Every structure is written in structure tokens, then in C-alpha cells.
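Undergrad: Would you mind keeping the following structure in view while I ask a few things?
The values are calculated or read from the model by the stated rules, or taken from the named source; none is laboratory data. Since this is a predicted model, take the numbers as computed values, not measurements. Glycine also receives a Cβ, built like all others from the backbone with ideal geometry; neighbour counts cover every protein chain displayed. Surface accessibility is based on the protein's heavy atoms, side chains included, excluding ligands, DNA and RNA. Shrake-Rupley method; radii C 1.70, N 1.55, O 1.52, S 1.80 Å.
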Amino acid sequence: MKNKKMPEIVATAPALLALVERLMREPLLAVDLEADSLHHYQEKVCLIQISTPTESVIIDPLALPELSPLAPVLADPAIRKIFHGSDYDIRSLHRDFGIEVHNLFDTMIACQFLGEKEVGLAAVLLKRFGAELDKKYQKADWSKRPLSSDMIEYAVRDTSLLIELYGQLEEELRAKGRLAWVEEEAQLLTGVRAGSREADTLLLRFKGAARMEPRTLAVLEELLRFRDCLASARDLPPFKILGSDTLRLLAEKKPHRQSDLDGISGLSPKLCNRYGGGILEATARGMALPADRLPSYPRPQRFVKDRRKEEMMRNLKQWREAKAAELGIEAGILANNSMLEAVADAACRNEEGAPAVPAMKRWQKESFGEELLRFVKNWGTRSEFYETFRIDEETA
């Protein structure tokens, strides 16, 4: 680790205020979080690690009455905040503390736009610095106190090298003319928010539910509610009560007596004794639901096949593959399928006009918009379509 001394643990309001005063004078900060999603029903942020060019500190949110003094630091547009794979962290900070992050630089996104094959932090740090990250505490329960010295050291390993990594990546992006690409992607990422855990229908978040028939869905929904209720009462993640594969098998088998539970994968004799009654009751509720009240999984609207659009999409994907290879980045990073769909829709519209394509980001328009226009021109589209991709000189 770059900083040999044990980092300060900020666990009191005065210490937090003193830290904030120091951080407000820094031009850039490296930030990471530790949470307890593998150990509790409602996950929460348990540690916030921050490194500056001269020190690393750990903020203990569980010991502090509030984190509002930290909010202006992370929201300050004059201070660059460096994260690696920030999506989860951005959502968690806002969910738990209402904290927003501005002037974000995500080193994982930077690596993607530089064409790195492995973008996980451990792989990146090993390649660039020869630093090996010990991940033995990756699944630890960070809500437990006190923290061991090994856990404290582990917590700041990631951020202690992020600032140096940022320096390398920014220089390489600038040399390739791609720094603005990463900055735009990061700006969009600062607006992501955590979804509510509450839902009227739990089955909508269950993998594989779309392929189930209505009666099976009714049983599945009751089993999911049973599991969720137990998980909440015991303060455990739902998967630690019953696994999703086990729930799927139960929903399909629809057991109505104790012996029907025998042999179901993931349902040990101990779990049968503990949860068997509740499982059978949940199944019975699903089986008793009237036919006119059976749930159905929402199906996407079916559209009549447009052969011209399908052909356009095939060609757009071929163009994307060639362009991505030329730039040395993954095709999905260059342009996702949603953007190509929007381009194809606009290109195939009739002469009544073609609206702008909001799925296309500014960096995409500036870096390959004109090339894409030349490509779609061969398909007989009108000038209104080309105009939607023109970069306004006043905003360029």
C-alpha cells in the first residue's frame, strides 16, 4: 500500500468537520465504499474510503449521526472525484445519505475507452503497478465493529492507487482525443439513482418469471412474499432464506403436502422442518387464487417485422464492428444496440420527417456522426434525418 501508516478513522462529528475542511482544499479525491448487501435485508453503506495525494482516511457512517457535512465536498464541481466502477457507489450514496457526486471520473470507463481487455480494478492495478489486491474481505460483513487492522488496510488499498491511475489514464485519453468521451459518460452516470425495493409484484424482479404460466406465477409470487417477510424479520438477504433456484422448483412443483418437499434442490431436511409449513401455505394461497386474478408477466409489444429496418440493423452492426476494431474498443462501448435501433428507426421513417435521436450522445455525434451519416445516406433517407445528427456549431 502506498501509505504505510494506518489511516485515520473518522467516527465523530468534530473529526468529520475537520476532514471536510481539509478535503475542500484538494483538487481531486479518490473514493470507494464498503457495504453489507451480503449480510442484511436492507443494505447500507458501512465505510467510505477517501484518498488525497497526501493521505487516506476512512469515514465510519455507522458511528456518525449524519454525513451532511460531506455532501458539499462530493458535490463540488471544482473537485475531481475518482471512482472505479462508480454506478453502485453513486446509487448508494444518494440512497443512504442524499449525497450527489459531481465532476466524476470513472477509471473503469476510462479503461474501456482505452480498449483495455480487463477493466476490473484488481486486473488494472496489477497490470499498471504490479500491485496485487487481496480480496479476502470482499464479502466481509462491514457492519461489524470493531474493524480489524487487516480490514482497515484492505479498505484503503483500492483508493490509495486510484489517483496515480487517474493521472495515467487522463494523459492517455487526452492523447487519443477521448477524454471528453469519458467525461460525458461520467456526467450521465452521476444522475443514476437506486430503485425502491418495494414493489407490488415481486415476481417482476425474478429471473425466469417471463417464461412461467399464470398459475405458476401466482405460486411464485406467494413464495417470494413468504421469503421476503422472513428475510425482513431476520434481517437477512432473501437469498439466505431460500435460493432463487429452490423457489423456482417449488413454484413449478406446487407442493401441497410435506412429502412433496422431499428431493427439491436447496431444500435440506432442516429447511423443510423450519420453512415447510410456510411454503405449503404460500403454495396453497397461490393455487386458490381465482383464475381471473392470476398474474401475468408483462410482454413487450410485438411489432410487425420491418425487413428494411432489420437489414439496416444488420448493416449498422457490421459498421459498428469495423469502427470499434479501428478504434480498438469494444463494439458495445462504441454504440449499444438501443442507439443503433434509434438510428435505424430514424433512417427508415417516411417523408413526414425524422425526429432527433436522443440515444446518440454528443461524443458519438462528434467522433463518428458524419461517418454514420454517409453510411445511412445509401439507404435513401431524407435530409431531415441527416440534420438530426448535425452538430450545432454554436454548442460545439
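Undergrad: Does the stretch 198-215 contain any residue that is of a type in the set (Ser, Thr, Tyr) and either surrounded by fewer than 20 Cβ atoms within 10 Å (Cβ to Cβ) or on the phi > 0 side of the Ramachandran plot (or both)?
TA: yes
Undergrad: Given the conditions (1) part of a helix (DSSP H, G or I); (2) surrounded by fewer than 11 Cβ atoms within 10 Å (Cβ to Cβ); (3) touching a residue at least 60 places away in the same chain (Cβ under 8 Å), which single one is not true for Glu153?
TA: Failing condition for Glu153: (2).
Undergrad: If you go through the stretch 255-313 one residue at a time, how many are among the hydrophobic types (A, V, I, L, M, F, W, C), assigned to a helix (DSSP H, G or I) and open to solvent by less than 40 Å² (accessible area, probe 1.4 Å)?
TA: Residues meeting the conditions: 8.
Undergrad: If you scan the stretch 124-137, which residues turn out to be more than 17 Å from Ile48 (Cβ to Cβ) and assigned to a loop (DSSP other than H, G, I, E, B)?
TA: Gly130, Ala131, Glu132, Leu133, Asp134, Lys135, Lys136
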